1. I'm trying to understand the selection: among the residues of the range 120-170, which are without any contact (Cβ under 8 Å) to a residue 24 or more places away in the chain and more than 28 Å from residue 104 (Cβ to Cβ)?
2. Across the range 18-71, what is the total count of residues that are modelled with pLDDT of 85 or more and farther than 24 Å from residue 472 by Cβ?
3. Identify all residues within the range 10-20 that are farther than 21 Å from residue 52 by Cα and either touching a residue at least 40 places away in the same chain (Cβ under 8 Å) or surrounded by 13 or more Cβ atoms within 10 Å (Cβ to Cβ) (or both); write none if there are none.
4. Grab the strands (runs of 3 or more DSSP E) fully contained in the range 236-288, keeping just those with 1 or more residues being farther than 30 Å from residue 125 by Cα and touching a helix residue (DSSP H, G or I) at 6+ places or on another chain (Cβ under 6 Å).
5. Test residue 355 against the criterion of being in contact (Cβ under 8 Å) with a residue 24 or more places away in the chain, in contact with a strand residue (DSSP E or B) (Cβ under 9 Å, 6 or more places away or on another chain), farther than 17 Å from residue 286 by Cβ and buried (at least 16 other Cβ atoms within 10 Å of the Cβ), and give yes or no.
6. Among the residues of the range 454-472, is there at least one that is part of a helix (DSSP H, G or I) and under 30 Å from residue 82 (Cα atoms)?
7. Would you mention how many residues in the range 75-119 are part of a strand (DSSP E or B) and in contact (Cβ under 8 Å) with a residue 60 or more places away in the chain?
8. Quick one: would you say residue 65 is closer than 30 Å to residue 465 by Cα and more than 39 Å from the chain's Cα centre (by Cα)?
């Protein structure tokens, strides 16, 4: 709607559409209009006061059929849009574009690499990695809807001294039967034991060094642990309905890091410090980045530099996003600065998309429960079972249908429960609240969608050539929100903030339910028009939920 309004105003102003769109404001109250246009910025060019400009502009555009009413208030023009025109244009556009409504070609032929999820092998899939998975997947969907080609990379933590510890620990007190039955739980038990025993600090370094050098026993165990881990992770990704374009670990760069170290040396960036090699970034207030330990072992930073260079060679990306927790901010500042010092111009297009912590219902860090580690698969299955109970309270369905619906509802509950919050903020993880069919929750949105689809299934009327006799305020409000969707998607991309789409979805569903409770649709005098409105609402809500990674269902 803003785009169309800007187009209309550009006929009367010495500004282009984008400049006008940037200036348009939402009045504090709907009584003051649908949009307000300030005239301050035109004063210098037109050599008139903002009030004079507003008076003249108001007279010029009053006759435009796109506007119902135009009021000049000091240096502002308050614009009331023509309800009939809004309805016709908005509903026509939604029904024509359908699943493409809100889509933009801004990113055509451009690639965006998204490093996301990235759990550590031989450890449980952490709840923090759940945030990275959910947020990263939604941002990928939003990028795709802006015309970009997103490349989702699951960059597994599968290299480093901790894996030497696990190998040493498994050789001392590992159990092949336990490993086969519950691999991740058993490997985690081993990791906990080794962490409590100081002798495994040295043993861990020794075995990791063997692993780096290709020792057969070390490599065989490491591969076994990795295969078990990936199999376990894939169960979780399947429950979340998340796929990746590339899955590889830090180990992939094991034989490529010497080239990076030589490149750092050639640019005079590498310094020796107590037998180790570092990049000194102190003059940028970024401390010292350790690149190679005194024993010759490489580090996370070395691998990330190598990975970034490799990804640009492979994908020639427009941008590269790292969806990783906020605690890694300093690391990424160092990484991007080193890439810049190496002379890579694309380093400025690398972005750390940070996220906050999950908190338990008591507001404390959601890391352990009664001293036990949280296994993500258990949480997802528990949520699915709770969803089944909620569905069975409302309707009797077949076992197959119950399984299908409970998975969709559980997924919506968890994904929306996260994405409705701004990603950088800490988020309370409360499954019972997430699963409520009322309030600001995923199931409420699914229920609103299903309600709209139910109305359409019951209808026997044709929606073609509908007549509009009168447009009620609640109908206008709903249509105005539908018209805002493309702009909301654009803002979500620019700010890398899926919560903008999540919050929009909730407000849209609220407006629809207010309309539904206030006015009959079926058998009403304006049935055809209202059916078109209900159909358009369901399409836009479905588009929005798809961007969040939430699947819709026709019945609840």
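1. Start the filter on the range 120-170 by keeping residues that are without any contact (Cβ under 8 Å) to a residue 24 or more places away in the chain, which leaves 144.
Of everything in the range 120-170, nothing turns out to be without any contact (Cβ under 8 Å) to a residue 24 or more places away in the chain and more than 28 Å from residue 104 (Cβ to Cβ).
2. So the count comes out to 33.
3. 17
4. On the way: elements: 246-249, 270-273, 276-280.
Output list reads 270-273, 276-280.
5. Numbers: in contact (Cβ under 8 Å) with a residue 24 or more places away in the chain: yes; in contact with a strand residue (DSSP E or B) (Cβ under 9 Å, 6 or more places away or on another chain): yes; farther than 17 Å from residue 286 by Cβ: yes; buried (at least 16 other Cβ atoms within 10 Å of the Cβ): yes.
For residue 355, the condition - in contact (Cβ under 8 Å) with a residue 24 or more places away in the chain, in contact with a strand residue (DSSP E or B) (Cβ under 9 Å, 6 or more places away or on another chain), farther than 17 Å from residue 286 by Cβ and buried (at least 16 other Cβ atoms within 10 Å of the Cβ) - is met.
6. Residues of the range 454-472 that are part of a helix (DSSP H, G or I), as a first pass: 454-458.
The next check asks that each one be under 30 Å from residue 82 (Cα atoms); those that pass are 455-456.
Scanning the range 454-472, I find at least one residue that is part of a helix (DSSP H, G or I) and under 30 Å from residue 82 (Cα atoms), so the answer is yes.
7. Restricting attention to the range 75-119, the residues satisfying the condition of being part of a strand (DSSP E or B) are 76-81, 111-116.
Right, trim to in contact (Cβ under 8 Å) with a residue 60 or more places away in the chain and you get 79, 81, 111-116.
Selection size over the range 75-119: 8.
8. Details: closer than 30 Å to residue 465 by Cα: yes; more than 39 Å from the chain's Cα centre (by Cα): yes.
For residue 65, the condition - closer than 30 Å to residue 465 by Cα and more than 39 Å from the chain's Cα centre (by Cα) - is met.
The values are calculated or read from the model by the stated rules, or taken from the named source; none is laboratory data. Being a predicted model, the structure only gives us computed values, none of them experimental. Neighbour counts run over all protein chains shown; Cβ positions are idealised from the backbone, glycine included.
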